[in-house]
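Read through the structure below, which is laid out as structure tokens, and then see the notes.
None of the figures in this text is laboratory data; all of them are computed from the coordinates on show. Here the structure is a predicted model, which means the values were calculated and not measured. All Cβ positions, even for glycine, are placed from backbone atoms using ideal geometry, and neighbour counts span all protein chains on display.
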Amino acid sequence: MSFLVNLVLGLLFGAGLVVSGMADPAKILNFLDLFGTWDPSLIFVMGGAVVVAFVGFRLVLRRDAPIAGKTFHLPTRKDIDARVIVGPAIFGIGWGLGGFCPGPALTAIGLGTTGALAFVPSMIAGMWGARLLAEKRA
């Protein structure tokens, strides 16, 4: 049952990315081009996502347990370390250079976007390398 719920939610997320145009890296790169072909539409997509997440978390966390699981898995750490700074910085640099982040990149592969065919294997290699590095440090 959990697999089907995750599949439906993933398809809904992907459809939202396609409808909003966020699966197109040019949309992201135009948002970052403040003095050229600036496109502010990403602000509205992000704002809509923040509002939905804010309301959703408020409603869901009123429950004793999640619908498709036994317990909630919420973060407990509140400290800021190098991983919290460096990881998002690398993510942002990659997003700015390629115009993709993981969700839209996977959606773009489904749409046959050639840039995603180079980005996704690189992203997977980076994730694998980061995991190896973290295991080595631990």
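Overview of results
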{"read-out": "Cα lying deepest toward the dipole's positive end in segment 57-100, options G99, P66, V86, charges on Cβ", "value": "P66"}
{"read-out": "Matching label, percent of Cα pairs over 28 Å apart computed from the structure shown, candidates (1) 13; (2) 32; (3) 27", "value": "(2)"}
{"read-out": "For the chain, size of Cβ-based charge dipole, Lys and Arg +1, Asp and Glu -1, in debye", "value": "580"}
{"read-out": "³J(HN,Hα) computed for each position of segment 103-111 - Karplus, 6.51 cos²θ - 1.76 cosθ + 1.60, integer Hz, glycine/proline x", "value": "x, x, 5, 5, 5, 5, 5, x, 8"}
{"read-out": "Phi to ³J(HN,Hα) by Karplus 6.51 cos²θ - 1.76 cosθ + 1.60 over segment 34-41, Hz, x for Gly, Pro", "value": "5, 10, x, 9, 4, 10, x, 4"}
{"read-out": "Relative contact order (%) - the chain, alpha-carbon pairs under 8 angstrom, separation at least six", "value": "28"}
